[in-house]
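Trainee: My questions will all concern the structure given below.
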Amino acid sequence: MAGTVALKRGGRWSPWLFAIPALGVYVAFLVYPALSSLWFSLTNWDGLSASYKFVGLSNYFKLPHDPVVVTAVKNNLIWTVVTIAVPTAIGLLLAIALNGKVRGKPILRLVFYTPAVLPLVSIASIWGWLYNPQYGAINSALRAIGLDGLAQAWLGQDSTALWAVMVPAIWLRTGFPMLLYLAALQGIPNELYEAATVDGATKWQQFWHITMPSLRPAHYIVLALSLIDSFKVFDLIYAMTYGGPGTSTQVMGTWMYFNVFQYYQAGYGTAIAVVITLVAIAVGIPYVRSQTREAS
């Protein structure tokens with residue numbers, strides 16, 4: 001009896017006791033590093049010295065006056081628009097095609113989704129070889145069909161480097177929206193299309209008035225997650241162009257890396273990281289709120 005009473009008295013604390021290990025991991029690997037980064041962004045720390053000076057918001061005030069940051073923001077915006085709009089449109093078209101009567105659907109789904117799970121370094125190596133100006137497959141194909149004038153150093157010119165890197169980004173990002181849209185399409189009742197056909201609606205009208213409205217939740221998920229991913233871009237650009245030539249492919253992620261690990265301006269680089277994080281959080285909040293409303 002006494003044990004039961006003690007258990008009841010401690011019942012309200014039991015959930016917290018079970019949550020302590022997870023909270024400890026959360027604090028140690030997320031909260032503490034985040035707070036440390038915020039603090040170092042307010043200092044002139046070089047990343048190595050034990051001593052540093054508090055400089056307040058000067059690192060943040062410096063950002064708009066840094067020409068590389070201006071270029072990086074512009075590249076981030078271009079990257080975000082292109083690598084969201086194009087893969088989303090292609091993914092939707094592929095999902096609609098695979099939702100119809102197509103032979104070999106499992107194989108096609110595997111083929112289209114495989115790039116999304118490949119290591120980014122491998123993708124960078126493959127496309128770096130394709131873009132090689134001397135023996136790359138792209139230039140070799142252009143020369144073979146008599147278009148020698150179009151063969152060029154795709155990753156070595158300011159005018160083409162960023163667009164060249166976006167091609168493999170589009171290739172690897174198409175599989176994710178395709179799968180989401182395919183799952184959403186399979187959840188639309190066929191009765192809606194049958195009733196629309198009876199009423200004389202064309203395929204185009206059915207697409208705009210049945211398919212697209214039914215895909216609204218999938219649109220939201222694709223756009224929200226793609227936006228967050230686009231603002232954090234780093235790996236592919238770093239592996240393929242190293243931010244060059246010059247600063248033509250610099251984005252906020254690569255410029256943050258260079259400042260922290262190469263130029264020993266860890267305070268300034270951390271300020272860039274904080275800005276990237278805040279933008280990602282601002283974009284992610286509406287998505288989290290929508291998911292919370294749906295769950296409740």
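Trainee: Based on Cβ point charges of +1 for Lys and Arg and -1 for Asp and Glu, what charge dipole magnitude is obtained for segment 154-296 about its Cα centre, in debye rounded to the nearest 20?
Mentor: 240 debye
Trainee: For segment 159-209, with all protein chains present and a 1.4 Å probe, just round the carbon and sulfur fraction of the accessible area to a whole percent.
Mentor: 66 percent
Trainee: Run the count for the chain, please: Lys pairs, Cα-Cα under 24 angstrom, 8 or more apart or on different chains.
Mentor: For the chain, the number of qualifying lysine pairs is 6.
Trainee: Now, a different point. With a probe of 1.4 Å, find how much accessible area the chain has per residue, and write the answer as a whole number in Å².
Mentor: Solvent-accessible surface per residue comes out at 59 Å².
Trainee: Hey, another quick one. How long are the three semi-axes of the equivalent ellipsoid of segment 182-296, in whole Å, if each is the root of 5 times an eigenvalue of the C-alpha gyration tensor, listed from largest down?
Mentor: Its equivalent ellipsoid spans semi-axes of 44, 18, 9 Å.
Trainee: Next up: Could you check which residue among T43, T197, T247 shows the biggest mean-square fluctuation in a GNM of the chain with a 10 Å Cα cutoff?
Mentor: T197
Trainee: In segment 188-242, if the dipole is taken from +1 on Lys/Arg beta carbons and -1 on Asp/Glu beta carbons about the Cα centre, which of T241, L223, M212 is farthest to the positive end?
Mentor: Going by the Cα projections, it comes out as T241.
Trainee: Ignoring the sites themselves, what is the longest stretch of the chain with no trypsin sites (Lys or Arg not before Pro) in a DSSP loop and at most 16 other beta-carbon atoms within 10 Å?
Mentor: 104-231
Trainee: Turning to a different aspect of this structure: Tabulate in residue order the Karplus-calculated ³J(HN,Hα) for segment 271-285, using 6.51 cos²θ - 1.76 cosθ + 1.60 with θ = phi - 60°, rounded to whole Hz; enter x for Gly and Pro.
Mentor: 4, 4, 4, 5, 4, 4, 5, 5, 5, 4, 5, 4, 6, x, 4
Trainee: In a GNM of the chain with a 10 Å cut-off on Cα contacts, which of F207, F176, F18 has the highest mean-square fluctuation?
Mentor: In this elastic network of the chain, the residue with the biggest mean-square fluctuation among F207, F176, F18 is F18.
Trainee: If you don't mind, there's one more thing I want to ask. About the Cα centre of the chain, what is the dipole size in debye to 20, counting +1 per Lys and Arg Cβ and -1 per Asp and Glu Cβ, all else neutral?
Mentor: So the dipole magnitude of the chain works out to roughly 740 debye.
Trainee: So, one more: For the chain, with the dipole built from +1 on Lys and Arg beta-carbon atoms and -1 on Asp and Glu ones, taken about the Cα centre, which of T202, Q265, S58 lies farthest toward the positive end?
Mentor: Final value for the positive-end residue is T202.
Trainee: So, counting K/R as plus one and D/E as minus one, what does the shell of residues with Cβ under 9 Å around Y268 add up to?
Mentor: 0
Trainee: Could you compute the net charge surrounding N76? Neighbours are other residues with a C-beta less than 15 Å from the C-beta of N76; K and R count +1, D and E count -1.
Mentor: Local charge sum for N76: -1.
Trainee: Under 13 Å from the Cβ of Q250, count the other residues' Cβ atoms, weight Lys and Arg +1, Asp and Glu -1, and hand me the total.
Mentor: -1
Trainee: Also: Please list, ordered by chain and number, the residues whose modelled amide H lies under 5 Å from the amide H of T43; skip anything fewer than 5 residues away on the same chain.
Mentor: Those qualifying (amide H under 5 Å, at least 5 residues apart or on another chain) are V55.
Trainee: Additional query: If you take Rg/Rh (Cα atoms, Kirkwood Rh) from the coordinates, which of (1) 1.08; (2) 1.00; (3) 1.06 do you get?
Mentor: Checking each listed value against the structure points to (1).
Trainee: Report the chymotrypsin sites (Phe, Trp or Tyr not before Pro) located in segment 36-144 that are in a DSSP loop and have at most 10 other Cβ atoms inside 10 Å of their Cβ, or state none.
Mentor: Y135
Trainee: Which one of A183, Y287, V167 is farthest out on the positive end of the charge dipole of segment 151-296, using unit charges on Cβ (Lys, Arg +1; Asp, Glu -1) and the Cα centre as origin?
Mentor: Y287
Trainee: Under a 10 Å cutoff between Cα atoms, tell me which one of I237, I276, I188 has the largest fluctuation in the Gaussian network model of the chain.
Mentor: Per the Cα network of the chain with a 10 Å cutoff, I188 tops the list.
Trainee: Now for a separate question. Based on alpha-carbon centroids, what's the gap between segment 160-201 and segment 100-117 in Å, whole number please?
Mentor: Using only Cα atoms to place each centre, the spacing works out to 13 Å.
The values are calculated or read from the model by the stated rules, or taken from the named source; none is laboratory data. Computed from a predicted model, the values in this text were never measured in an experiment. Neighbour counts are summed over all protein chains in view; Cβ atoms, including those assigned to glycine, are modelled from backbone coordinates with ideal geometry. Note: accessible area is taken over every heavy atom of the protein model, side chains too, but ligands, DNA and RNA are not part of it. Shrake-Rupley method; radii C 1.70, N 1.55, O 1.52, S 1.80 Å.
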